[in-house]
Amino acid sequence: MSTTEAHTEVPVFDAAFVQDLHARYAEIRDATPVQRMATPHGLSVWVITRYDDVRAALADPRLCKEVTRIQEVIAANLLPDSGGREFEDSLASHMLNMDPPDHTRLRKLVVKAFTSRRVEALRPRVEQITERLLDDMAGQSEVDLLDSFAFPLPIQVISELLGVDESRRDAFRAWTNVLLDASDREEAAVAAAEMSQYLAELIEVKRREPGDDLLTALVDATEDQDRLSDKELIAMVFLLLVAGHETTVNLIANGVLHLLRNPEQWAALRADPELVTGAVEEMLRFDGPVMHGTFRFTAEPMTIGGVEIPAKQIVWVGLAAANRDPEQFPEPDRFDIGRDAHGHVAFGHGIHFCLGAQLARLEAHTALRGLVERFPNLAAAGPLDDVQWRFSTLIHGLRAFPVHPAGR
Ligand code: HEM
């Protein structure tokens, strides 16, 4: 069967699929461990949906990420006449798009700067920002939880950590949305150019005026007389900012959605806010913000879950599907903050395991605890069964989440 013939049959990963994500992935997982799909841009991909296969794939060096080959692999997997967009590569030379030894080298340098101590030192500031946002919500009968709380908290934290000034924060949100969502090619190119220019300026400022911040530490980070080049620094800061903008936001909002859909779980958390640690792990497992691992392709033909995949094929490692695999998590579609969610793959696995996991957990714990203590009667302002999900091939997040902070 030729690549083109195969596409007439394959399911499309589109807005309707995302709207019903977990049920659709459950059907696929029951039917086959690896399913061929197409994106609305006409890209052909293979999706891995079972937990064991997902873990194994994330640790398998035959699944490559090499940035310099992305363009070639994408071009080879586009349907004819798809008019698919080119990959924006000006910001793409970061470690999440690299294999060893380049990945190892960059990760070592950033780990030196992004230490546990630096993250832990942020705790009082994260608490302060959370308190201020909750204060602002207190006087209002209805707010969008995303705009008023879930977005500004991680954005402010990562922006302060890297030294992005206040006046550019809205621009950052707009740029990252354009680059991550299914948006048009010209718009993405403009956003990428504006963002790299701003990042270059920011790095220049830190060179002239070093501070006690992560960006200065990244500029200064050395290992065996090695350091990050300007291009690597720009791509690294871009990666940290995007990861810091698009992930924790949706962890908080998706998690609160499921807590409100399961009022007995919200009541349990309200009665004992110490349950917040387990609640956040279950939020990550049940509906984490990252649906698939990022771009990977087969360096050579390989067999996953008994399915043969030829070389140079794009593979989506289905984190969201794996986290609902009944073989790993009994009754996976039951949201239960008391369960042992240990082993979930919401932060990935292997050499690319999320570098920001400690920061994300710190933010989510603080946010959730603050919310349940301050607004124990928090209630959705719209029907909870009828929420709208954003269309993205990577991020699972709500378009809006109107709530009454003090209850109905
Ligand atoms: C709930 C929040 C978050 C989730 C669910 C999440 C998830 C992930 C996942 C799944 C990966 C691996 C992707 C792959 O293997 O293809 C990853 C990598 C990464 N994440 Fe996160 N992330 C979160 C927050 C953050 C934050 C706040 C930061 C930084 C401030 C961050 C920085 C990174 C970086 C730098 C990598 C690349 C690591 C590497 O290539 O070695 N993440 N994240």
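Within segment 389-408, which residues have the backbone N less than 17 Å from the label spot 7 Å out from GLU142 along Cα→beta-carbon, could you tell me?
The answer is 399-408.
Enumerate by residue number the trypsin sites (Lys or Arg not before Pro) in segment 300-366 meeting two conditions: DSSP loop (anything except H, G, I, E, B), and at most 14 other Cβ atoms within 10 Å of the site's Cβ.
ARG334
What FRET efficiency do you get for ASP340 and ALA59 if R0 is 22 Å and r is their Cβ-Cβ distance, rounded to the nearest 0.05? Write out the running numbers ahead of the final one.
Details: r = 22 Å, r/R0 = 1.01.
The pair ASP340/ALA59 has a calculated efficiency of 0.50.
Loop only by DSSP, 16 or fewer other Cβ within 10 Å of the Cβ. Give me the chymotrypsin sites (Phe, Trp or Tyr not before Pro) in segment 325-408 that pass, ordered by residue number.
On the way: sites: PHE335, PHE347, PHE353, TRP389, PHE391; in loops: PHE335, PHE347, PHE353, PHE391.
For chymotrypsin sites (Phe, Trp or Tyr not before Pro) across segment 325-408 that sit outside H, G, I, E and B with at most 16 neighbouring Cβ atoms in 10 Å, the list reads PHE353.
What do you get for GluC sites (Glu not before Pro) in segment 126-230 restricted to DSSP loop and a cutoff of at most 15 other Cβ within 10 Å of the site's Cβ? Before the final figure, lay out the partial values.
Numbers: sites: GLU127, GLU131, GLU142, GLU160, GLU166, GLU186, GLU187, GLU194, GLU201, GLU204, GLU223; in loops: GLU142.
Those satisfying the criteria are GLU142.
Sorted by average packing, counted as other Cβ atoms within 10 angstrom per residue and highest first, what order do 271-277, 392-398 take? Each step should come with its number before you reach the end.
On the way: 271-277: 14.3, 392-398: 20.6.
Put in order of decreasing packing, that is 392-398, 271-277.
Could you give the accessible area per residue of the chain, probe 1.4 Å, as a whole number in Å²?
Numbers: 17380 Å² over 408 residues.
Ligands and nucleic acids excluded, the figure is 43 Å² per residue.
What FRET efficiency do you get for VAL12 and ASN177 if R0 is 22 Å and r is their Cβ-Cβ distance, rounded to the nearest 0.05? Kindly include the intermediate steps, with their values, before the conclusion.
Details: r = 22 Å, r/R0 = 1.02.
Efficiency, rounded to the nearest 0.05: 0.45.
How many lysine pairs in the chain, separated by 8 or more positions in sequence or lying on different chains, have Cα atoms less than 20 Å apart? Before the final figure, lay out the partial values.
Numbers: LYS65/LYS108; LYS65/LYS231; LYS65/LYS312; LYS108/LYS231; LYS112/LYS206; LYS112/LYS231; LYS206/LYS231.
Taking the chain as the scope, the lysine pair count is 7.
Compute the distance from the alpha-carbon center of segment 14-56 to that of segment 142-218, in whole Å.
Centre-to-centre distance over Cα atoms comes out at 31 Å.
Rounded, prolate or oblate: which fits segment 120-177, taking a ≥ b ≥ c as square roots of the Cα gyration tensor eigenvalues, rounded meaning a/c under 1.5, else prolate when a/b beats b/c? The partial results should precede the final answer.
Numbers: a/c = 2.41, a/b = 1.19, b/c = 2.03.
Cα axes put segment 120-177 in the oblate bin.
What is the spin-label model distance, in nm, from GLU300 to ARG105 if the labels are put 7 Å beyond Cα along the C-beta direction?
Each label point lies 7 Å from its Cα, and together they span 2.4 nm.
Residue separation times 0.36 nm, minus the C-alpha to C-alpha distance between GLU131 and ALA357: what's the value? All intermediate terms of the calculation are to be shown ahead of the outcome.
Values: separation 226, 0.36 × 226 = 81.36 nm, distance 2.21 nm.
Gain on extension, GLU131 to ALA357, equals 79.2 nm.
With label points built 7 Å along Cα→Cβ from the Cα atoms of ARG69 and ASP230, find their separation and express it in nm.
3.1
Compute the Cα gyration tensor for the chain, then decide on rounded, prolate or oblate, letting a ≥ b ≥ c be the square roots of its eigenvalues: rounded whenever a/c is under 1.5, prolate when a/b is larger than b/c in the other cases, and oblate in all that remain.
Values: a/c = 1.60, a/b = 1.10, b/c = 1.45.
Oblate shape, in that a/c is at least 1.5 and b/c is the bigger or equal ratio.
Gain in length, ARG261 to HIS22, computed as 0.36 nm per residue apart minus the alpha-carbon separation, to one decimal in nm? Kindly include the intermediate steps, with their values, before the conclusion.
Values: separation 239, 0.36 × 239 = 86.04 nm, distance 1.57 nm.
Contour length minus Cα-Cα distance gives 84.5 nm.
How much of the DSSP beta bridge set in the chain is antiparallel, as a percent to the nearest 5? Could the numbers behind the result be given before it?
Details: 21 of 26 bridges.
Roughly 80 percent of the DSSP beta bridges within the chain come out antiparallel.
Along the Cα→Cβ direction, 7 angstrom out, place labels at ARG123 and GLU204. What is the inter-label distance in nm?
Using points 7 Å along Cα→Cβ, the separation is 4.0 nm.
Where the accessible area of the chain is counted over protein heavy atoms with a 1.4 Å probe, how much of it, in %, is carbon and sulfur? Walk me through the numbers on the way to the answer.
Numbers: 8730 of 17380 Å².
Roughly 50 percent, rounded to a whole number.
The values are calculated or read from the model by the stated rules, or taken from the named source; none is laboratory data. This structure is a prediction, so every number in the text was calculated from the model and none was measured. Virtual Cβ from ideal backbone geometry, glycine too; neighbours counted across all protein chains shown. For the accessible areas, the whole protein counts, side chains as well, though only heavy atoms, and no ligand, DNA or RNA atoms are used. Shrake-Rupley method; radii C 1.70, N 1.55, O 1.52, S 1.80 Å.
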